[in-house]
Amino acid sequence: MTVLEGIQKSAEFLAKKDIDSPRLQAELLLAHVLKLPRMKLYLNFERALTETETDMFRELVKRRSQREPLQHITGSTSFCGLEIAVNRHVLVPRPETELLAEAGWSFLSTINSELSTALDFGTGSGCIAIALAAKTAAAKITAVDISPEALGIAKQNASKNNVIERIEFIQGDGFKALDSHRRDARATISFDLIISNPPYIPTAEIATLDAEVRDYDPRGALDGGADGLDFYRRLASEARPFLKPSGKIMLEFGDGQGDAIREIFTSQNWIVEAIRNDYTQRQRILIARL
Ligand SMILES: C[S@@+](CC[C@H](N)C(=O)[O-])C[C@H]1O[C@@H](n2cnc3c(N)ncnc32)[C@H](O)[C@@H]1O
């Protein structure tokens, strides 16, 4: 079987199994097997696949047909141009979160001080913290997550992207973890930026999500409580002592949650500066200050 035949057959198979963008998925899987950039496949359409390559490719296509996310099969994804390893313990970083990270580093780069500081609340794979550190040479980032396994991956990603010395990782439950860390270090901790993509799916909706998300993203990364807004209430009421007076909070939220989140923050005396849209023109990011 040639490269082109392999792509065509696999794309047909994935299409029958109702997988979105079947041709693209087949190409990305084969590129992974052949350790080539996807575009290079086009120069190799007539190349014959070896038996080992064919077997490996078949196996990966089968896994994808059973709804395992492409990023779990290949083991990584790209976020703001950085390679981020993922597995079952972390949410696969989404393209819309790149906009949040970009808003974060744009703000940090306006800060007139030798060292700017940011807290990434619920760091998961570490994607936001790592992007902030990579794009802002003088930023020191604190990354918190309740999941020790997620923090393990985040540390590996920080190391691979050469920013581990500028990110402090803390395991525990949000601001409570920071509080005990602060007591142990006998230090005040306050940030120029608090940034988060918290869990925001209403509990009952999790069962209705695509299998790729429902069965593979960790539940603790999805579940935002009965109405999906538990973490925004916590952030609005608990973040204040951790933010510098001139600091900002930037949060991603889910479809249709913008008005409720604005209300949560204004009722706790935050000034909502902006609600920004994502690539599909849906409201996605809240920016607020004290
Ligand atoms: C939606 S994921 C976001 C991951 C990553 N920041 C991203 O944008 O791809 C939310 C993360 O929050 C973490 N989390 C959930 N509850 C938490 C808590 N109480 N304290 C700290 N982290 C928490 C989860 O483990 C998960 O990694």
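What follows draws every value from the coordinates through simple rules; no lab data is involved. These numbers were taken from a predicted model, which means no experiment stands behind them. Every residue, glycine as well, gets a Cβ built from its backbone with ideal geometry; the counts of neighbours run over all protein chains shown.
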Subject >> Mean Cα-pair separation over length for the range 196-290, i.e. relative contact order, pairs under 8 Å, 6 or more apart, % >> reply: 28 percent
Original post:
Which angle between 0 and 90 degrees, to the nearest 10, do you get for helix 3-16 versus the longest principal axis of the chain when only C-alpha atoms count?
Top reply: 70 degrees
Original post:
Once the Cα atoms of helix 22-34 and of the chain are each reduced to a long axis, what angle between those two axes, in degrees from 0 to 90 to the nearest 10, is obtained?
Top reply: 80 degrees
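Counting other Cβ atoms within 10 Å of each Cβ, which trypsin sites (Lys or Arg not before Pro) in the range 186-223 have at most 11 and sit in a DSSP loop?
Numbers: sites: R186, R214, R219; in loops: R186.
Those that pass, being in a loop and sparsely packed, are R186.
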Original post:
Top mean-square fluctuation among K62, K35, K17, Gaussian network model of the chain, C-alpha springs under 10 Å?
Top reply: K35
**OP:** Rounded to whole Hz and in sequence order, give me ³J(HN,Hα) for the range 116-133 from the Karplus expression 6.51 cos²θ - 1.76 cosθ + 1.60, θ = phi - 60°, writing x for Gly and Pro.
**Re:** 9, 10, 9, 10, 9, 8, x, 6, x, 5, x, 3, 5, 4, 5, 5, 4, 5
**OP:** List the relative contact order of the range 138-205 as a percent without decimals, with contacts defined as Cα pairs under 8 Å and 6+ residues apart.
**Re:** 32 percent
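Against the empirical 2.2 N^0.38 Å scaling, what ratio does the C-alpha Rg of the range 121-187 come to?
Ratio of Cα Rg to 2.2 N^0.38 Å: 1.05.
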Original post:
Computed over the Cα atoms of the range 181-231, what is the ratio Rg over Rh, Rh following Kirkwood?
Top reply: 1.21
Original post:
For S237, S116, what's the fewest-to-most ordering of other Cβ within 10 Å of each Cβ?
Top reply: S237, S116
Original post:
Mind checking which aspartates and glutamates have their C-alpha under 13 Å from K248, skipping anything on the same chain fewer than 8 residues away?
Top reply: D120, D192, E273
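Which whole-number value in Å³ per residue fits the convex hull of the alpha carbons of the chain? Mind dumping the intermediate values first?
Details: hull volume 39.4 nm³, N = 290.
Convex hull of Cα atoms, per residue: 136 Å³.
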Subject >> Hz values of 3J(HN,Hα) by residue in the range 246-251 - Karplus curve (6.51, -1.76, 1.60), Gly and Pro given as x >> reply: 9, x, 9, 10, 10, 10
**OP:** Over the alpha-carbon set of the range 1-88, work out the extent along each principal axis and list the three values in angstrom, largest first.
**Re:** 33, 27, 22
Original post:
Can you list the HN-Hα couplings for the range 85-99, worked out from phi with the Karplus curve (6.51, -1.76, 1.60; θ = phi - 60°), rounded to whole Hz and with x for Gly and Pro?
Top reply: 6, 9, 8, 4, 8, 9, 5, 6, x, 9, x, 5, 6, 4, 5
**OP:** Highest first, please rank the peptides 46-54, 259-267 by the mean number of other Cβ atoms sitting within 10 Å of their residues.
**Re:** 259-267, 46-54
**OP:** Measure up K16/K160; K40/K160; K35/K140; K135/K155; K40/K140; K17/K160 against 28 Å on the Cα-Cα distance and list the ones that go over.
**Re:** K16/K160; K35/K140; K40/K140; K17/K160
Original post:
Which whole-number percentage describes the relative contact order of the range 132-251, with Cα contacts under 8 Å and a sequence gap of 6 or more?
Top reply: 25 percent
Original post:
What is the magnitude of the charge dipole of the chain about its Cα centre, with +1 placed on the Cβ of each Lys and Arg, -1 on the Cβ of each Asp and Glu, and no other charges, expressed in debye to the nearest 20?
Top reply: 460 debye
